[in-house]
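Below: the structure, in structure tokens.
Since every read-out is calculated from the coordinates, none of them should be taken as a lab result. Nothing here was measured: the structure is a model prediction, and the numbers come from that model. Cβ placement follows ideal geometry from the backbone for every residue including glycine, while neighbour counts extend to all protein chains displayed.
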Amino acid sequence: MSLRARSALWLTINMMVVFGAFLSCENGPFHRERQLPSPVEFDLDSIKARGKLILLTENSASTYFLYRGQTRGFDYELVKDFARSLGVKLEVRLLSDVDKMFELLNRGEGDLIASNLTVTPERSEIVGFSAPLYTSREVLVQRLSPPDSAAYPHITDTAQLHLIPIWVHKYSSFYSRLKHMETQAGIPFRIQEAPGQISTEDLIRLTASGELSATVTDENLAIIQQEEYPELDMSLAISGDEQIAWAVRSNSSQLLEALNSWLGRPAVKRKTARLYSKYFASELRTDFRGPYVLPNLSDNQISVYDSLFKKYSPQIGWDWKLLAALVYQESRFNPNAVSWSGAFGLMQMMPETAYRFGCDSGQTEEPSIRAGVKYIQYLDRMWKDKVTNPDERLKFVLASYNIGPGHILDARHIAKHMGMSDTIWDGNVAEALLLKSQEKYYTMPGVKHGYCNTREPYHFVRKIMAVYEHYKQHIKE
């Protein structure tokens, strides 16, 4: 049995156990967040005296994650600016349980929750919500073609929601929405309560694989996930526009006033709109590493930059056609390319990394290639003692170039934990890397760099090697 199959089987068994435990209360009354401690007296003046603002959020593709060695996320980037405006440092605490966030907030172990929170009447009773950052609808997540169409019909109208089991977390806004719709319909819904250790992104992945019939997510998050799971249909909205906001303690009136005043500034509104487009607008998230297309070749030439590839590839011991394959996959040889994440130029390096290796966004093509080669040298030295086989090490270097070496180090740790080789890429570390999008694995002991959109680096290596083989077959030295 493959690693992915074993992982899916483990999750399915655990979820079925939980299903049995919760079945008796499936159609019970709505349960609000569990009893919380009274909020401590700790407002803006105390935060400034302490010198730091503590953010409570989750490790996900929209809130907080590491990409190419840089911290990213809609909420993280915006809260970082807010902390700077207060003149304090930002400390981030990552949690997967929203109820735990509320609990730590009231205990004073966090000051602000920024984690794609929907404003609901129940939550408004226990926290203070900021002005809304944006609105989003809740959408049903189901396969375009259900594995068993007789058991799980494709839902095209909210009046059909009672026909399939829908997995959601009990204390989520999705659960309360479905319970409200159930009451209005007067028909029992098949709402299945997902265990806390299974994240919303895990539920989406299990729905994509056919392990589950359906789940629910926010439309803005569906845009991100749609790229990774084209087999899913996330077009059916089950709610109207709902406000997404940040939360503070109910008695932190000074902090809430300062936060709303800051969010209302024209410059901050523009920054919020830019970040929303960066993380949630699908047309901007598509980058140059997308469709797998073998390039056309003519006149025994790959690109106008062939002479530069031939000049710099000896510095890393590469065939110049391999360097050309990397640049093709990164930028399609477009020196003005800029990705959704801010990576730029032929080599698509992040600004911080490019500057470190001697290039900035205003420089021409040759400095970009030279800096990219220096970064590849750095990665090769980093991996040399860990992966001694040069052919295998090349794949570790390519994956690290794409997503950052931290996630690949984590994947080696997972591979070793699963009894696989941590020095062989295909079928071993590559397979372990795919698990890093699952909360069970990116939170396991020894895994230090958190959530990762794993399909991108997994396919990145395969695409470059395929393009390289294509070049070797058609380009004469």
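Brief remarks follow.
- The aspartates and glutamates whose alpha-carbon is closer than 17 Å to the alpha-carbon of residue 386, local same-chain residues fewer than 8 away aside, are 410, 422, 426.
- Kirkwood hydrodynamic radius (C-alpha pairs) into Stokes-Einstein, the stretch 90-160, 20 °C and 1.002 mPa s, D in µm²/s: 137
- Here the chain is treated with +1 on each Lys and Arg Cβ and -1 on each Asp and Glu Cβ, and its dipole about the Cα centre works out to around 1260 debye.
- Residue order, fewest to most surrounding Cβ atoms within 10 angstrom, among 449, 180, 470: 180, 470, 449
- Of the trypsin sites (Lys or Arg not before Pro) in the stretch 87-138, those whose Cβ has at most 16 other Cβ within 10 Å and which sit in DSSP loop: 137
- Label-point gap, in nm, between residue 366 and residue 158 - each point 7 angstrom along Cα→Cβ: 6.2
- Proxy reagent accessibility, fewest Cβ within 10 Å first, across 306, 75: 306, 75
- Amide hydrogen neighbours beyond the local backbone of residue 108, cut-off 5 Å, H modeled: 40
- A straight Cα-to-Cα reach below 26 Å connects residue 52 with the lysines 80, 89, 100, 269, 271, 448, residues fewer than 8 places away in its own chain not being considered.
- Annotation: average projected area of the stretch 363-453 is 6.3 square nanometres, based on the convex hull of Cα atoms across all directions.
- What the phi angles of the stretch 410-423 give under the Karplus curve with 6.51, -1.76 and 1.60, with θ = phi - 60°, is a coupling list of 4, 5, 4, 4, 5, 4, 4, 5, 8, x, 10, 6, 9, 10 Hz, glycine and proline written as x.
- Compactness check for the stretch 306-474: Cα Rg over 2.2 N^0.38 Å is 1.02.
- In plain terms, the residue of 359, 452 with the fewest other Cβ atoms within 10 Å comes first and the most crowded comes last, giving 359, 452.
- Those aspartates and glutamates that a straight Cα-Cα span of less than 20 Å connects to residue 476, excepting residues fewer than 8 apart in one chain: 299, 306, 319
- Estimated distance in nm for a label pair at residue 265 and residue 472, the labels positioned 7 Å out from Cα along Cα-to-Cβ: 5.5
- Near residue 134, the amide H atoms lying under 5 Å from its own belong to 244; only residues 5 or more places off or on other chains count, and H is placed 1.01 Å from N.
- Rounded to whole Hz, the Karplus (6.51, -1.76, 1.60) HN-Hα couplings of the stretch 428-439, x for glycine and proline: 10, 5, 4, 5, 5, 4, 4, 6, 6, 8, 9, 4
- Alpha-carbon spread of the stretch 112-270, three principal axes, descending order, Å: 56, 35, 29
- For the chain, taking the reciprocal of the average inverse distance between every pair of different Cα atoms yields a Kirkwood hydrodynamic radius of 24.3 Å.
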